[in-house]
Ligand SMILES: [Zn+2]
C-alpha cells in the first residue's frame with residue numbers, strides 16, 4: 001500500500017471517530033454553541049405554539065399560591081448557596097436531562113426541586129409517553145426551562161423582565177417552567193403534552209399558567 005492510500009485511510013478513520021464523538025455529544029455541543037453565541041432562554045425556546053393554552057391554563061399567581069398554603073414549600077433562599085445547602089440536606093433534589101425531558105441551562109434558577117415536584121415531572125413524562133405510544137407517534141422530549149430561584153436570582157431577573165415577581169412560586173421548590181416553543185413544529189406531540197398536563201391539572205395535581213413569553217408556569221399541588 002502506498003503512502004497516499006495509507007494517509008487517506010487514516011484521515012477517513014479520524015473523520016469517522018470525530019463524527020461519532022460529535023453525534024454522541026450533540027446536545028452538549030448545541031448548548032455550548034448557544035452559550036457562546038449568547039442566545040438567551042427566551043430566544044432559544046424555539047418557534048412552537050401552544051394551541052388553546054390561553055384558555056386551558058389560567059391559574060394566576062394567587063391560585064398557584066394555594067399549592068404552598070399548607071407550608072409545603074421551602075423558605076425563599078437568599079442566594080444560590082442556600083439552595084445548595086438544601087440539596088446537601090436532600091430537601092431539594094437535582095433534575096437533569098434524561099430520555100424523557102431536557103433540562104435547559106438555567107441563567108436565573110437552579111435545576112433543583114422538592115421530591116414531590118420531581119415525582120410529578122416523571123408522572124407527566126410517563127403520561128405523555130403513553131399517549132405518544134397509543135397514537136403511534138415518536139416521543140419528543142419536553143424542555144424544562146426554569147426551576148427554583150433564590151431571592152438574588154429573582155432580583156437579577158426582575159432587572160431584565162418586568163413579569164418576574166418578588167414572591168414568585170419559583171422561590172419555593174415546587175414550581176417549574178416548560179417551554180412550549182421548544183416543541184417547534186412537533187404539533188402532534190405538543191397536543192398530547194398539553195392533554196397530559198390538562199389531565200393532571202384536572203386531577204388537582206398541579207396549577208398551570210400559560211405565559212406568552214413561551215412557557216407554561218407549573219406549580220405542583
Ligand atoms: Zn415560571
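The residue list 171, 124, 157 contains one member that is out of contact with any strand residue (DSSP E or B) (no Cβ under 6 Å at 6 or more places or on another chain), away from the ligand (no atom under 13 Å from the Cβ) and assigned by TED's automatic domain parsing to the domain that holds residue 51, which is 124.
Restricting attention to the range 56-111, the residues that are over 18 Å from residue 219 (Cβ atoms) and touching a helix residue (DSSP H, G or I) at 6+ places or on another chain (Cβ under 8 Å) add up to 10. Any idea which residue in the range 201-212 is farthest from residue 66 (Cα to Cα), counting only those that are surrounded by 14 or more Cβ atoms within 10 Å (Cβ to Cβ) and out of contact with any helix residue (DSSP H, G or I) (no Cβ under 6 Å at 6 or more places or on another chain)? Going through the qualifying residues, I end up with 211.
Exactly one residue out of 203, 197, 151 is under 21 Å from residue 97 (Cα atoms) and either away from the ligand (no atom under 11 Å from the Cβ) or modelled with pLDDT of 95 or more (or both): that is 197.
Among all residue pairs at least 6 apart or on different chains, which show Cβ distances below 8 Å where the first residue, located in the range 156-173, is modelled with pLDDT of 80 or more and the second is in a loop (DSSP other than H, G, I, E, B) and crowded, with 23+ Cβ neighbours inside 10 Å? That search, which allows pairs on different chains as well, returns 157/149; 168/149; 170/109; 170/147; 170/149; 171/77; 171/149; 173/92. For the range 206-221, the tally of residues that are in a loop (DSSP other than H, G, I, E, B), away from the ligand (no atom under 12 Å from the Cβ) and in contact (Cβ under 8 Å) with a residue 40 or more places away in the chain stands at 1. Applying the set (1) part of a helix (DSSP H, G or I); (2) at pLDDT below 95 to residue 132 leaves exactly one unmet item: (2). Apart from one condition, residue 139 fits all of (1) more than 21 Å from residue 96 (Cβ to Cβ); (2) touching a helix residue (DSSP H, G or I) at 6+ places or on another chain (Cβ under 8 Å); (3) away from the ligand (no atom under 13 Å from the Cβ); the exception is (1). Taking residue 145 as the residue in question, decide whether it is assigned to a helix (DSSP H, G or I), in the same structural domain as residue 47 (by TED's automatic domain parsing) and in contact with a strand residue (DSSP E or B) (Cβ under 9 Å, 6 or more places away or on another chain). It is false that residue 145 is assigned to a helix (DSSP H, G or I), in the same structural domain as residue 47 (by TED's automatic domain parsing) and in contact with a strand residue (DSSP E or B) (Cβ under 9 Å, 6 or more places away or on another chain).
The values are calculated or read from the model by the stated rules, or taken from the named source; none is laboratory data. In this text, all values refer to a predicted model and were calculated from it rather than measured experimentally. Methodologically, a virtual Cβ is constructed for each residue, glycine included, from the backbone with ideal geometry; neighbour enumeration extends over all protein chains shown.
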